[in-house]
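Report on the following structure.
Nothing in this text is a laboratory measurement; each read-out follows from the coordinates by a stated rule. All figures in this text were calculated on a predicted structure; none of them were measured in a lab. Here the Cβ is made from the backbone with ideal geometry for all residues, glycine too, and neighbour counts use every protein chain on show.
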Amino acid sequence: MKLYRLFMSIHRILGTALSILFLMWFLSGMVMMYRTYPSVSQEQRVQHSERLAPCGVELPRQLPNGLTSLSLQQIAGRPVFLMTNNDLESQIDALTGQPIIRYSVEKLQAIVDRWQAPSASISSSLPAKDSLGCPSVAPITATLLDSLNEIDVWLIGAMPFKEFPIYHYLLNDGRGSELYLSSRTGRVLQLTDRESRFWAWVGAIPHWIYITQLRATGRQPWTNTVLWLSGFGIFMIISGIVVGLHSLLSARRRKKGGLSPYIMPLFRWHHLFGLFFGLFVLTWIFSGFMSLADAPQCLWPVHDERTARQLYADTLKTERFRLDIDRVLTADDVRRVEWMEMGLRPYYHVWTAGDEYLVDAADTVPRRVTLSEADCRMVVQRTHHASVRITATMMNHYDNYYVSQKRMLPLPVCRVTVDDADCSTYYINPRTGDSRYYNTNRRAGKWMYSGLHALNISFFIAHPTLRLILMWILMLGGTIVSFTGLLLSLRYLRRKKRTF
């Protein structure tokens with residue numbers, strides 16, 4: 001009996017403190033089934049970027065040591081090299097070789113205006129003409145609203161601490177679109193409109209507890225806050241399940257066929273819905289906790305921390321890229337080119353306005369490459385011991401780890417499995433060389449987060465209607481448990497107030 005009273009006290013105290021948070025999580029979670037926090041996708045960046053034209057671009061004679069990434073883009077009318085070495089990002093004008101420290105307001109305005117115009121129709125800098133061949137009236141340019149030196153609620157997801165000052169623009173598109181642009185790199189960090197901001201305020205922002213004060217200096221204060229809140233929530237739910245089961249057994253002993261000993265409707269509803277949906281509420285909050293935590297290595301040890309990164313060269317060796325970059329730029333409406341070494345072989349990863357592909361950079365003649373099963377197996381083989389058994393299979397369907405609710409991940413994909421201590425599995429896109437890596441620890445983390453939190457597994461992706469119905473039933477059940485718990489907490493506080 002003393003143990004029961006202890007669990008009852010824990011559930012009552014934590015429930016009083018957290019019931020309104022749980023109700024907010026479930027209500028906002030319903031919104032997030034359809035609309036999430038706005039962000040700028042890679043496809044948007046490419047579509048709104050300028051076309052790269054052949055112009056005799058050459059790599060700088062002195063590249064920084066430890067070069068880990070290198071790409072070429074057209075920014076504000078100039079071809080620009082974007083480089084990363086030792087986590088330090090830099091930009092160099094590809095024509096003059098001079099470093100770019102910051103972009104002027106005029107150049108930033110030119111970047112913003114491209115985002116205001118329909119991206120698909122932008123292919124050159126020539127002025128538009130009307131049906132009579134006369135230059136058309138230029139659209140009203142975007143309005144600069146503010147220059148930011150600290151984060152706001154729409155920049156939380158971008159982690160822009162190296163980008164300040166950030167310029168905040170209002171676009172002239174009739175949708176109230178607002179764009180955030182880095183003055184240091186010319187990179188668009190965020191794009192919102194009235195509709196996306198509204199749904200974010202009732203969905204993602206409260207659900208993820210996106211409070212600017214928690215993210216003003218970095219990610220860790222926010223992470224710790226969410227972990228502590230969800231951790232206390234897990235204890236609250238476990239104590240509630242214990243109390244609920246004890247009450248159920250008591251009711252069964254006292255009267256035949258009874259499920260709840262409570263007579264008052266509010267207590268009875270909270271008890272019964274807690275019995276039916278308590279396990280779901282527990283797994284949902286636990287999986288939310290695991291969205292910010294790693295699967296414990298004491299249960300699923302990781303034997304090789306570097307395996308996930310070894311498909312690509314740690315340091316680019318630009319002398320291996322024999323193909324003249326200008327020959328790549330003449331092929332298509334190229335918007336971005338990235339230097340990539342995969343399996344000790346150099347490639348250019350090319351983005352156009354509507355496609356992306358690999359070009360073999362070891363040859364002097366431009367040649368598109370699509371990786372075969374044998375190619376993918378060879379790439380993975382170079383990162384593992386020669387005696388390890390490796391199997392490559394081209395997949396035309398999703399499995400439980402390479403899966404997307406909105407079917408955004410491309411197919412086919414080459415799945416390469418390795419018979420090593422980590423049970424490593426690679427998913428390699430044969431057209432772009434992009435890859436995803438899973439080991440035993442990551443697979444466990446996947447089930448504990450997205451598998452439990454959003455039913456993000458291949459069966460439900462193949463049966464989306466069933467998933468949607470089940471998610472609504474579970475979310476409504478969790479909402480009722482939270483709402484009745486909130487009402488009971490308010491009654492408890494009123495009783496306590498009267499005793500003082």
Residue separation between M471 and T217 times 0.36 nm, minus their alpha-carbon distance, gives in nm 87.9 nm
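Output the relative contact order of segment 329-480, whole-number percent, from Cα pairs under 8 angstrom with separation of 6+ residues.
RCO, segment 329-480: 15 percent.
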Answer in debye to the nearest 20: the dipole magnitude of the chain about its Cα centre, from +1 Lys/Arg and -1 Asp/Glu charges placed on Cβ, is 3440 debye
Violations at 27 Å Cα threshold for listed pairs K107/K406; K107/K162; K406/K446 -> K107/K406
Rounded to the nearest Å, the spacing of the alpha-carbon centers of segment 403-425 and segment 29-59 is 24 Å
By the DSSP-based rule, helices of the chain that are at least 24 Å long along the axis (C-alpha) and have a mean Kyte score of at least 0.0 are 2-32, 220-254, 265-290, 464-499
Contact order relative to length for the chain, counting C-alpha pairs under 8 Å separated by 6 or more residues, stands in percent at 17 percent
Among trypsin sites (Lys or Arg not before Pro) in segment 171-210, those in a DSSP loop whose Cβ has at most 13 other Cβ atoms within 10 Å are R175
Scoring only Lys, Arg, Asp and Glu (+1, +1, -1, -1) among other residues with Cβ under 11 Å from the Cβ of Q91 yields +2
Of the candidate values (i) 39, 26, 23; (ii) 34, 28, 24; (iii) 50, 30, 20, the one computed for semi-axes √(5λ) of the Cα gyration tensor in Å from this structure is (iii)
For segment 291-350 the trypsin sites (Lys or Arg not before Pro) that pass both the DSSP coil test and the at-most-13 other-Cβ-within-10 Å test are R306, K317, R322
Taking a crude spin-label model, label points 7 Å out from Cα along the C-beta direction, the R322 to L292 distance in nm is 5.2 nm
Rounded to whole angstrom, the alpha-carbon centroid of segment 1-17 lies from that of segment 147-215 at a distance of 42 Å
With DSSP loop assignment and no more than 13 other C-beta atoms within 10 Å, the trypsin sites (Lys or Arg not before Pro) in segment 1-95 are R61
Row for segment 24-77, column shape: gyration tensor on C-alpha, a ≥ b ≥ c, rounded if a/c < 1.5 i.e. under 1.5, prolate if a/b over b/c, else oblate; value oblate
